[in-house]
Structure formats: C-alpha cells, structure tokens
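Read through the structure below, which is laid out as structure tokens, and then see the notes.
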Amino acid sequence: MSMKGIRIEGLKKRYGSGDTAVDALKHVNMHVEAGEIVGLIGPSGSGKSTLLKCLGAVIEPTAGKMVLGSDIIYDNGWRVRDLRALRRDRIGFVFQAPYLIPFLDVTDNVALLPMLAGVSNAESRKRAMELLRELNVDHRAHAMPSKLSGGEQQRVAIARGLVNRPPVILADEPTAPLNSDRALTVIRLLNDMAQKFETAIIVVTHDEKIIPTFKRIYHIRDGVTYEEKGEGRSPTEMAT
Amino acid sequence: MISLAGRDIIHSWGKFVFTGFGLGLLIGITLSMAGIYRGMVDDARVLLDNSGADLWVVQKNTIGPYAEPSSLYDDTWREIRGMPGVKQVANITYLTMQVAKDGSDVRAMVAGISPGTPGTPGWPPLLVAGRHITRSHYEAVADVATGFKLGDVVRIRRNHYTVVGLTRRMVSSNGDPMIFIPLKDAQEAQFLKDNDAIRQQRRRTAANPAFNRPAVPGLLEAAVATQSVNPFVNAVLVQVASGHNPLTTATSIRRWKNLTVYTRAQMEEILVGKLIATSARQIFMFLVILSIVSSAIVAFIIYTLTQGKIREIAVLKLIGTKNRTIIALIMQQSMALGAIGFVVGKISATLFMAPIFPKYVLLLPLDSVIGFIAVMIICILASIISIRAALKVDPAEAIGG
C-alpha cells in the first residue's frame, strides 16, 4: 500500500437504535491507489450512497477506519477537526448532475474551491483555466452553465472536482444522464486525470456501458463489499 | 474571494429589480407617511410663526383658539395693550369652512384680522402677489393653495369678497389653506344666522315680557340689537416688546385679567401634542403596519429565493464552503433588495407621491437616513429565517441516495 490513495477498513454505519436500528454498512473494506479508478456497483438500497457520504465526510460512520494518503481521518471517530476543510481540500466530488452554481461562469465555478481555501482570485482562476484546457472546455471559460451542453457541464464539474488537487475523488453516477459516447469520454477523462494528478477515483455507477472500463470493481450488497477484477478495457477503444 | 451575492444578483437582475421596485413602492408609501406627519407638525408651526404673535390670550380655562372654541369680548385687547411688556395686540377670529367660487368650493380656514398695517399680529407676513387688505369690508387675501387668483370673487356666507393678495404656506394646523378677511366681516360670518332664524329670534324676544315692557320704551329694540351683532373674537394676539420676557408678560395678563394666556412653546405643545396627536398616532400605526408588511415581504422573497437555491447551497456546503459565506450570501442579497427598494421608494416618494398628495408632505433628510437604517435592519432581520433554513441544509442532499 502506497502513502497515497484511500484505504477503508471494517467501516460500519448504523442508522437509528434499538429495534428500529438499520445497518446500512456492515463491513466495508476498500483501497484505491493514487492514479487508480475503481467502480462501486450495487443494487438500490445496498448502501452505495451511505458509503459515499461516509467517504465524503458528510455523515459519520459508526465504526471502522479510513485512511486518506498517510493520514487517518476516521478511526472509530473523526480524527480531523474541520470536516469542511477536509472536503474542500482533500476530497473532490463529481455528481450525477453537474450541479454547477448557476450564477457563476465556468471559470469561477471551478475557481471557487481554491478561492474558498484562501487562494487569491487570480491564482484560482489560473488553476481553473489550466484544468479547463486539459478537459478541452477552455473555449467556454466565460459562459454561464445554462449555456453549456450536458457533456460540457460534466467536464466543468470534473474540473471543479480536481481543482484543489485532492488525493481522492468521489464520483456519484457521473455518466447517468449521458449517451454512450459521452459517458465513455467522461470515463476517459477521469482515467486521464487520475493518472495525471495521481488521484484515486471511486465511481459509483449502474451504467452498464462504462463498467467494462474498470480494472477493479467493488460490489456492495447488504452493506458488505466484495472486490472483483474488472475487464479494464480502454474507453477510447470501446468508443471506436 | 468573489461576492456570491453580487454574482447572483447580476445573474437574476430582473427578479431583483422588479421585486425591489415593488418593495420600493411600499417603502415610498412608508416614507410619505412619515412625511405627512412631519408636514402636519410643520403646518402647525407655520400657523404659529405666521401669526406673528408671542402670546395667545384666550377664554379662561380653554385651550383655544385652534384646539378648542374660545370667545373673548372684542374690546379685551384694550386692557391687554396697557400691560407691561406688551408691544402690539390684535384681535383675531378663525373659522374653518367651505369657501365658494363659481359653483365650486374650497375647504379653508378664514381668519378675521384687525385693521392695521403689515406686521400687525395675525396679518399674513408675506405676499407673493397683489396687496394687503386696505378696506374694512369685502377684500380677501388668500393662500395660493386655495387655487384662487387675484381678482377672483369668492363667497363667504352671504357676502362676496375680491381676492386682492396671495400668500404661500399660510395654512391651518389641518393643512387647510387660509383666507384673510377684515375682522368685522369675519365676526359677522362666524355667528351669522339665516333670515328665518333672525325673524324667529326677534319674535321670541318680543314675546318675552321681560324684554317687551310697555313702561320701558326702547328696551325691546336694545335687546334685539344686541342679538344682531357679534361682539366676540376667538383670541387676542400679543407681541411682546423687545427686552421683555414673554413668560413674565403672560403671567401678568393671567393674574390681572383673569384670562388664559399661552406662550409660543405652550401653543406649539397644544397643537402638536393635542390637536394632531390622534392623527400622529394613526400615522405611527400605519408606519408600524407598513414596516411589518415590508418585513414580511422581504422575508418571504428572500426565503423563496433561498429555497430556489437549496441544491446549490447543499453543493456549496459539500465542497467546504463556510457557514459565514452562506450567511453573507443571503444577508447581502436581502440588504441589496432593501437598498434597491429604498432608492426606488425615496425617488417615488420625492418625485411622485409627495407632489400629488393633497396634504403637505415634508421629507426630511434625517428621516431618510433613519428610514434607510430601518430598512437595512428589517432586511437583516427578515433574512434570519432564510439563513436558518440554509444552515439546516444537509450537504448530503447534493449526493442524493
């Protein structure tokens, strides 16, 4: 195990107590290396969203351990004081819908995160432009989100997830609203970005067309994860 | 850090401007209400200032002549003139009535002024056109707010008066424009009965054996004669000689003449504290109601705008935005809405509402400053509900599931 990426050991999450208690996560083990992209697959109610919320430091697990890079962030209790700062600086999010801020243009949607972290406006916008260029949407840098196509919006959302160079990105069904070509393009971009920025990416998905692209897949069922080897096919080849 | 509130306002400028415009009209009405109160107080002060008096001598134990009826014999002024410190005295009558001209009429306060020269207490201090009254009967000086012009002939009771002069801002404490006529005419107008009533009174007097005594010739005629004249005025206006204290002079008049005397400050207290007190309370209540309505509207609008951004707020919280940034977003929008509303309100009150309002509306700069501060405080308070709602938004909503 390298010093980068994310590692989860024996993670549990129980909602409620007593007779009405529900164990949404019973035993979750995962590890994702830096530069790796893995799929997380499971039926509705299997605990995917709960796991994503725990990994995203949005809800507190009941027990277990989470290690981000070389830092233990959870060990039967949070080990970091400022969860907002943790989310802002060390976890990137890409959602099913892009959820761009409608009153900010493309550049500022991406630059907002470093600005929130205290980086100057000029430096934040410079970082944003670099990423937009990488993701080939720099020509829409000053457009408002409502003027972008679905694919462009999702690329901007990926740029926003990457802009603070987080060690881990949590992608919640990022290709759900896209057709096959666009879905494979998004996965290719995520692959490229994972390798370029040494980011560990966990993609929660139901999308049959992108599942063959993962080298490793975690299945989750009734709150328990099972690791499986994936096909690892190239999204570019699949698209052609 | 960029201003999220500013960007949202620029992005949805139409929504903010139109909402601010509606709020502004409400604020404009609120400012106008405050202006109406100020105008009423100013009207009262103008009435006192323009009377040229330092003391008002009225019927004992009354608060006349403006707030209560007051009757004094019209020769009382002779006794007062001889008091120490008195420079000038003049009788005055006030009668609020409809003054007719060419089939229409105007609500006005008719003041009967003593013969004299400009500067005599009760006389209008300044004319904007024409001349003062120079004849003993049937001439009038009117305020321009009556709509009368020089040379117009107006009817007061049974008599016709020619307008020979025009004044400006000569109004009663109710804001009615004033018309000045000779004292004798005003005394007659004040108690003038119709011909049937006069004949009936003469008949009753003649039927009264106390007045109709064959052994006392002339008694009946004398009794009837006293009934056909009005020897009363409402007040005596007194100017105090320089170097004399009006309070001392007032005390002397009270002690020696058994009359009630008010100084300028006391009369202002009567006008503002008693005469327009009910109106002031009504206006204050309107101000309170309008402020509550404005608060409710701002709170509702900001709450609606915030509810429309719940998903964005969830995303902002998920990506690590601090609570104070979200609070600033909502509060700044609320204050911006208030600022837009205030500018629209101030402009509409100054340019559109005040000029067309039938009463004098006095918009003081200090009231505008207080109004602006009040609007900002209301907007801050109104945003609290939305801020609480925003802070309760769970960042997990952005993830779904």
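Structure data summary
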read-out: Residue A:176 surrounded by fewer than 18 Cβ atoms within 10 Å (Cβ to Cβ), assigned to a loop (DSSP other than H, G, I, E, B), within 14 Å of chain B (Cβ to nearest Cβ) and small (Gly, Ala, Ser); value: yes
read-out: Single unsatisfied condition, residue B:125 versus (1) touching a strand residue (DSSP E or B) at 6+ places or on another chain (Cβ under 6 Å); (2) touching a residue at least 40 places away in the same chain (Cβ under 8 Å); value: (1)
read-out: Residues of segment A:110-134 satisfying the condition of being facing chain B (nearest Cβ under 10 Å), among the β-branched types (Val, Ile, Thr) and either closer than 15 Å to residue A:159 by Cα or touching a residue at least 12 places away in the same chain (Cβ under 8 Å) (or both); value: none
read-out: Helices (runs of 4 or more DSSP H) fully within segment B:165-243 counting 3 or more residues that are closer than 18 Å to residue B:121 by Cβ and of a type outside the set (S, T, N, Q); value: B:183-191
read-out: Residues of segment B:339-363 classified as more than 28 Å from residue A:115 (Cα to Cα) and either within 14 Å of chain A (Cβ to nearest Cβ) or part of a helix (DSSP H, G or I) (or both), total; value: 17
read-out: Residue within segment A:203-223 that is touching a helix residue (DSSP H, G or I) at 6+ places or on another chain (Cβ under 6 Å), more than 18 Å from residue A:55 (Cβ to Cβ) and assigned to a helix (DSSP H, G or I) present; value: yes
read-out: Of all residues in segment B:291-333 being over 30 Å from residue A:95 (Cα atoms) and among the polar types (S, T, N, Q), the one that is farthest from the other protein chains (Cβ to nearest Cβ); value: B:291
read-out: Segments classed as helices (runs of 4 or more DSSP H), wholly inside segment B:262-337, with at least 1 members that are farther than 30 Å from residue B:172 by Cα and either hydrophobic (A, V, I, L, M, F, W, C) or modelled with pLDDT of 90 or more (or both); value: B:277-307, B:310-318
read-out: In segment A:53-80, residue farthest from the other protein chains (Cβ to nearest Cβ) [restricted to those that are among the basic types (Lys, Arg) and farther than 17 Å from residue B:395 by Cβ]; value: A:65
read-out: Evaluation of residue A:84 against (1) surrounded by fewer than 19 Cβ atoms within 10 Å (Cβ to Cβ); (2) away from chain B (no Cβ under 11 Å); (3) without any contact (Cβ under 8 Å) to a residue 40 or more places away in the chain (one fails), failing number; value: (2)
read-out: Check on residue B:91, within 30 Å of residue B:355 (Cβ to Cβ), polar (S, T, N, Q) and more than 14 Å from chain A (Cβ to nearest Cβ); value: no
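Residue by residue, here is whether (1) over 30 Å from residue A:158 (Cβ atoms); (2) surrounded by fewer than 16 Cβ atoms within 10 Å (Cβ to Cβ) holds:
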{"position": "B:256", "(1), (2)": "yes, yes"}
{"position": "B:270", "(1), (2)": "yes, no"}
{"position": "B:296", "(1), (2)": "yes, yes"}
{"position": "B:299", "(1), (2)": "yes, no"}
{"position": "B:307", "(1), (2)": "no, yes"}
{"position": "B:316", "(1), (2)": "no, no"}
{"position": "B:335", "(1), (2)": "yes, no"}
{"position": "B:341", "(1), (2)": "yes, no"}
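The values are calculated or read from the model by the stated rules, or taken from the named source; none is laboratory data. A quick note: this is a predicted structure, and the numbers were derived from the prediction, not measured. For neighbour counting, all protein chains shown are included, and Cβ atoms are generated from backbone atoms with ideal geometry for every residue, glycine included.
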